[in-house]
Amino acid sequence: ADVMARSIPRHLRDDQQRTFVRLFDQACRRHSPWTVWADFVVMSAVGISNTVDKDHAGEREKTYAALATKYDRSELECLSSMFAEVVNGLEENPNQDFLGDLFMALELGNEHKGQFFTPYSVCRMTAKMTYGKDLEAKIDQRGWISVNDPACGAGALLVAFANECKLRHTNYQTSVLFVAQDIDHIVGCMCYIQLSLLGCPGYVVIGNSLTEPCSGIDGDPLIPVPGDNIWYTPMYFRDAWHYRRLGQVMDRVIRAAPRQAEPQDVLETEAVPEPEPLDCPAPQLLDETGMGQLTFF
C-alpha cells in the first residue's frame, strides 16, 4: 500500500486519471511501469485499428497476442479498464492531452529517451494562432483542409486544433484531415489512440520525418504512400473521405490516359503507361447513434 501511495502523482486532472493510475499501479506489480505503459498503448492502438484496417489486422493481431501472454487475467482486466478510463476521460473532457499528461505525471519520459511533451496550454494557443479565415476559405473552396504535425508526440497539437475547429463551428470530422508522424512507435500510438477516440479522420505514420517524411500520392495527403507503419483512424473511413479518395483515384486515371490523337499525330502517338494502382483503403460501416453521432464501437 505504501508503494502504491508513493507512485500516485499528486497532480492529476480528474477522477478518470486518478482511476487510471490506480489500475496502472495494479498492473505494475510484476512488470516495470514502462513495460506496462508501452504494452497498454500498443494493445489499445491495435484494438482500435483492427476494427477498420483489415489489410494490417493479421500482423497487428499477432503483436497483440504476443503482448497479452505476458499478463495474467487480472492484469489484462486492469489494462482493459485503463482503456475505458481513457475513453471516459476524453468523452468527459475532449479538450485535453489525456495520455500525454499521464505520461509526464508518471515520469515515463525520464525512463524512455528523456522525452518531454509540449504542455497542452501551449498547444491550445498555437491552435488558436493557426486557425484563421484563410482556412475557412479553403474549406469553402475545396471542402476540406489538412493539418500535419511531423513530430506529433501524443498528438496534443492536433487534439487542440480539433477542439479549436469545434469552437469555431467547423465540423472537423468532415472538413479536416489530420496527418501525424513520429519516430517513436509508442508515442505515435498514443497519438493514434487520442485522434481515434476524438473522431479525427486521418492517419499516423511511424517513422523519421527528417529522412522519410510522410507523403501522399501525387503530393496530396489524402492517400498516403503505402506502408506497414501507417495507422488509419476509424473516421478516415467515413463515406465523405472515401468518396474524396475515390475521386482522387479517378482523376489520376483520367490524367494518365492517352489523349485522343489527331489524324496528323497518329504516327507520333506513343503509348502511355498505365498508372500504378493506388492503395486506397476501402470504406467501413460506421454505426450512427440516435443523435447522429458516428461511432465505431
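The values are calculated or read from the model by the stated rules, or taken from the named source; none is laboratory data. Fair warning: this is a prediction, and the values are worked out from it, not measured in the lab. Positions of Cβ are backbone-derived with ideal geometry, glycine not excepted, and every protein chain shown enters the neighbour counts.
Residue by residue, here is whether (1) out of contact with any Phe, Trp or Tyr (no Cβ under 6 Å at 6 or more places or on another chain); (2) of a type in the set (F, W, Y); (3) within 19 Å of Y232 (Cβ to Cβ) holds:
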| position | (1), (2), (3) |
| --- | --- |
| R13 | yes, no, no |
| F20 | yes, yes, no |
| V52 | no, no, yes |
| G58 | yes, no, yes |
| T63 | yes, no, yes |
| S80 | yes, no, no |
| N93 | yes, no, no |
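Evaluated against (1) at pLDDT below 95; (2) surrounded by fewer than 16 Cβ atoms within 10 Å (Cβ to Cβ); (3) more than 23 Å from H242 (Cβ to Cβ), V122 falls short on exactly one condition, (1). Restricting attention to the range 200-221, and to residues there that are buried (at least 21 other Cβ atoms within 10 Å of the Cβ) and not aromatic (F, W, Y), which single residue is modelled with the lowest pLDDT? For the range 200-221, the residue satisfying everything is C214.
Every test in (1) over 26 Å from E164 (Cβ atoms); (2) of a type outside the set (D, E, K, R); (3) crowded, with 18+ Cβ neighbours inside 10 Å is passed by S74 save one, and that test is (3). Checking every residue in the range 201-213 against the condition of being of a type in the set (G, A, S), more than 18 Å from V52 (Cα to Cα) and in contact (Cβ under 8 Å) with a residue 40 or more places away in the chain gives at least one match.
Under 6 Å by Cβ, and 6 or more places apart or on different chains, what pairs join a residue from the range 120-144 that is touching a residue at least 24 places away in the same chain (Cβ under 8 Å) and more than 21 Å from N95 (Cα to Cα) with one that is small (G, A, S) and assigned to a helix (DSSP H, G or I)? Going by the 6 Å Cβ cut-off, the qualifying pairs are I139/S175; W144/S175. Considering D140, D101, which residue is of a type in the set (D, E), part of a helix (DSSP H, G or I) and closer than 16 Å to I186 by Cβ? D101 is the lone residue from the list that is of a type in the set (D, E), part of a helix (DSSP H, G or I) and closer than 16 Å to I186 by Cβ.
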